[in-house]
Amino acid sequence: MVPRTLARLASLAVLLTAAAALLVLSHVSLRAASDPWTPAQTVQPADLLKELSTPKSAPTVVFVGFNRLYTAGHIHGAQNHGMAGNEAGLQELKAWASSLPRSTKLVVYCGCCPMDRCPNLRPAFIALHDLGFTKLRVLLLPTDFAVDWAAKGYPYDSGQ
């Protein structure tokens, strides 16, 4: 009787594990499908930091979030050209970008909140992509700027 009960419990555990794995995989698939960028159009913080250490080939980093967050702290040298989550900010970003060569290396980031809820990042990426930028990437800050950049000791500026 006991071996049969253990076998049933083991089978149940395997089924529950498989169901949980399917849920996780479906969430990951849905999350990736809703992002307008591909994995190749992303950059990790440590990799961006390395790129920024070589000024001749460094990308232009563009902050697309809330002005008060930019003032509180932003990646060293990042430019602020409008909060992309509203129409006025998006127009400001497009106006700035319209004069740049489409081959300019751009990295956009916000960092206001978890990336999956950010109101600024996706509109900024779509707008710049639609303008024809071919070297456009998104900085991956899954939690926020404070946790995924500043708390790791990466350089940042405040003010402006």
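Worth a mention:
- Check on Asp116, in contact with a Ser or Thr (Cβ under 9 Å, 6 or more places away or on another chain) and of a type in the set (Asp, Glu): yes
- Residue that is of a type in the set (Ser, Thr, Tyr) and closer than 18 Å to Asp47 by Cβ, where the choices are Tyr70, Tyr156: Tyr156
- When residues of region 102-160 are limited to those that are under 19 Å from Pro39 (Cβ atoms), of a type in the set (A, V, I, L, M) and touching a Gly at 6+ places or on another chain (Cβ under 9 Å), the one surrounded by the fewest Cβ atoms within 10 Å (Cβ to Cβ): Leu141
- Residue count for region 83-101 under the criterion of being crowded, with 16+ Cβ neighbours inside 10 Å and within 26 Å of Ser57 (Cβ to Cβ): the result is 4.
- Screening Asp116 on (1) within 15 Å of the chain's Cα centre (by Cα); (2) modelled with pLDDT of 95 or more shows it passes everything except condition (2).
- When residues in region 127-148 are screened for being within 13 Å of the chain's Cα centre (by Cα) and within 15 Å of Thr42 (Cα to Cα), 8 of them pass.
The values are calculated or read from the model by the stated rules, or taken from the named source; none is laboratory data. Every value quoted in this text rests on a predicted model; they were computed, and no experiment measured them. A quick note on method: Cβ atoms are made from the backbone with ideal geometry, for glycine too, and the neighbour counts reach across all protein chains shown.
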